[in-house]
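The values are calculated or read from the model by the stated rules, or taken from the named source; none is laboratory data. Just so you know, these numbers come straight off a predicted model, no measurement behind them. Cβ sites come from the backbone with ideal geometry, for glycine too, and all protein chains shown count toward neighbours. Ligands, DNA and RNA are excluded from the accessible area calculation, which covers all protein heavy atoms including side chains. Shrake-Rupley method; radii C 1.70, N 1.55, O 1.52, S 1.80 Å.
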Amino acid sequence: MNHGPDFTRSTAVIGLQWGDEGKGKVVDLLARDHDVIVRYNGGANAGHSIVIGGERYALHLIPVGILSADRTCVIANGVVVDPVKLLSEIDGLRSRGVEVGSNLRLSDRAHVVMPWHAEMDACLEGSEGGGIGTTRRGIGPAYADKAYRSMAIRVQDLLERDRLRERLEAIAPIRGAQLRALGSTAPDIDTGALLETFLGVGERLRPFVTDTVWLLHDLVRAGRRLLFEGANATLLDVDHGTYPFVTSSHCSTLGIPAGTGLPGACAGRIIGIMKAYATRVGGGPFPTEEHGPDGHRIRERGREYGTTTGRPRRCGWLDLVAVRYAAMISGATTLAVMLLDVLSGFDEIRVATRYRLPDGSSTDRFPPDARTLARVTPIYETLPGWSEPIESITDRPRLPENARRYLDLIERTVGTPITIVSVGPDRRQTLVPAGAAP
Ligand code: GDP
Ligand code: IMO
Ligand code: MG
């Protein structure tokens, strides 16, 4: 009797806030216990930075697993791929001695981010009613074209001259007219030049391109362990985040099956990644945002500037109403609390555990809708802080008592155990339970 593929040894790493929780660091840490690292959503809007032995790497499209030897890295069908950016990421890694060859696989069905997508993104951001604060990487327009079907280009289309010409000739005139109507001052689209450029790009990407759906199923059947690398984060999920201030993909765990072609329960462990405080880049409500010195201090201590755009991140206190909701949506089985070191030295630390609603009542249920969320006021619990630096501590029991009380409050409120605590950007600055898998 066939017992089917075993997904119990596979893991998902998912952001539980508005991004930049430190997913990259956790994926890097767990890559050694997995064989295949899979990106399933988003595109070059993601920026995952990792520090290995003092060397900093920033990855946008390629899974972080590329930095670990002998791992297969998969960019699956749910990702929107800017092929020019992907090639420059490959070149950048190779120039630093990182192997990128048959260890990288790219879905033939992934959708391509074309130059007009980024231009539309920029125009819409500048227009009245725009202003989501996107990364301007063309993510929204590319996913819109995927849903729109007739205006889409997929990776496989870059590999065939006639097919690509037909696509460009059909799409370019419409896009050109739309861009002009949106006030774009970009030069007219030169279909012939674009054809040659993107055929060249396709040729360079050809060795990586494959049917990743069959590949992933084959790997699971062969007993390989998968590690899903979430990009963006649950509160930016197009369906379950703070709409419309979200990205355009399913960045919660709910995006994994559609974004890979694997069945629903394809990750036995789901690690919810959260910062010890909160940040957000771009627009949208952020109930616990601190505009004063506390927010400033978090930003400077945490080096809270975007990996992708360099924008200063908005900073504030930890919002457990939001995290508890995100852990529920993404089905987190454990938590990783990142950047705890950034909170050292505060006399007091505030944590939102409920919201006050405009009618005076209170709730612990997160309203995943920007208009409703904009009207809540956080209800804080205040905990005493700790003054000791904690960057060199290696065991959770050795943390200052008030730091441990802070972690206990998180576990109690979210109802999920913390198995990873991070006290610095380096691989080594990570507290995991002795003898146990994190
Ligand atoms: P991601 O998008 O979720 O992968 O997160 P980013 O890489 O965009 O942002 C997280 C930042 O925090 C990176 O610069 C990491 O190097 C850094 N980082 C991760 N964990 C820690 C930590 O525990 N302490 C400090 N101080 N920095 C950390
Ligand atoms: P990682 O993977 C932080 C935010 C943008 C903007 C909104 C929509 O590094 O955690 P988009 O360009 O996706 O259309 O922008 O989503 N955003 C992120 N913020 N980290 C990210 O990724 C993000 N990806 C998208 O700032 O508010
Ligand atoms: Mg990031």
| Amide H contacts of R109 (H built 1.01 Å from N, under 5 Å, at least 5 apart or other chain) | T212
| Segment H291-T197, length gained on full extension (0.36 nm per residue, minus Cα span) | 29.3 nm
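Taking every DSSP beta bridge that has both residues in the chain, what percent is antiparallel when rounded to the nearest 5? Could you put the intermediate results ahead of the total?
On the way: 23 of 58 bridges.
Around 40 percent antiparallel, to the nearest 5.
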| Percent of accessible area on the stretch 112-206 owned by carbon and sulfur, 1.4 Å probe? | 53
| Calculated from backbone phi, Karplus (6.51, -1.76, 1.60) coupling profile of the stretch 222-234 in Hz, x at Gly/Pro | 7, x, 6, 9, 9, 10, 8, 9, x, 10, 6, 6, 4
| Karplus-derived 3J(HN,Hα), 6.51/-1.76/1.60, for each residue of the stretch 318-324, Hz, glycine and proline x | 4, 10, 7, 5, 5, 5, 4
| From the phi of every residue in the stretch 366-375, what ³J(HN,Hα) in whole Hz does the Karplus formula 6.51 cos²θ - 1.76 cosθ + 1.60 yield, where θ is phi - 60° and glycine or proline is x? | 6, x, x, 8, 4, 5, 5, 5, 5, 9
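Tally Lys and Arg at +1 and Asp and Glu at -1 over the other residues with C-beta under 13 Å from the C-beta of D108: what net charge comes out? Don't skip to the end; give the middle numbers.
Working: positive: R105, R109, R154, R163, R206; negative: D157, E160, D211.
Spelling it out: positives minus negatives among the neighbours equals +2.
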| task | Restricting to the stretch 301-424, compute how many DSSP beta bridges are antiparallel as a %, nearest 5. | result | 70
| said: If you count only protein heavy atoms with a 1.4 Å probe, what accessible area per residue comes out for the stretch 273-324, rounded to a whole Å²? | reply: 34
| request: Working from Cα positions, state the angle (0 to 90°, nearest 10) between the long axis of helix 83-95 and the longest principal axis of the chain. | output: 70
| Antiparallel content of DSSP bridges confined to the stretch 1-122, in %, to 5 | 35
| said: Given R₀ = 35 Å, what would the calculated FRET efficiency be for R404 paired with L357, taking r from the Cβ atoms and rounding to 0.05? | reply: 0.60
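Set the Förster distance to 41 Å, then compute FRET efficiency between R311 and R161 from the Cβ-Cβ distance, nearest 0.05. List each step's numbers first, then the result.
Values: r = 39 Å, r/R0 = 0.96.
Step by step, r from the Cβ atoms, then E = 0.55.
Provide Y305, Y57, Y355 ordered by accessible surface of protein heavy atoms (probe 1.4 Å), highest first. It would help to have the intermediate numbers written out before the result.
Details: Y305 95, Y57 30, Y355 0 Å².
Order by accessible area, largest first: Y305, Y57, Y355.
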| Label-zone membership for the stretch 371-400, site D347, 7 angstrom Cα→C-beta point, backbone N under 20 Å | 380-389
| remark: Excluding residues fewer than 8 positions from K23 in its own chain, the lysines with Cα under 17 Å of it are K275
| Accessible area (Å², per residue) of the stretch 112-206, counting only protein heavy atoms and a probe of 1.4 Å | 51
| request: Sort out for me the Cα centre separation of the stretch 84-162 from the stretch 1-33, rounded to whole Å. | output: 24
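Please give the FRET efficiency for R221 paired with V100, using the beta carbon to beta carbon distance and R0 = 22 Å, rounded to the nearest 0.05.
On the way: r = 26 Å, r/R0 = 1.18.
After rounding to 0.05, the efficiency reads 0.25.
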| Lys/Arg +1, Asp/Glu -1 at C-beta; the chain dipole; positive extreme among L164, I37, L59 | I37
| said: Under 5 Å between amide hydrogens, which residues at least 5 positions from M338 or on another chain qualify, with H placed 1.01 Å from N in the peptide plane? | reply: M274, K275, A276, S422
| query | Which whole-angstrom value gives the distance between the alpha carbon centres of the stretch 229-294 and the stretch 368-411? | reply | 19
| task | Return the long-range amide H neighbours of Y243 (sequence gap of 5 or more, or a different chain), with a cut-off of under 5 Å between placed amide H atoms. | result | A370
| field | Distance between modelled label sites at L182 and T382, nm, 7 Å Cα→Cβ extension | value | 4.7
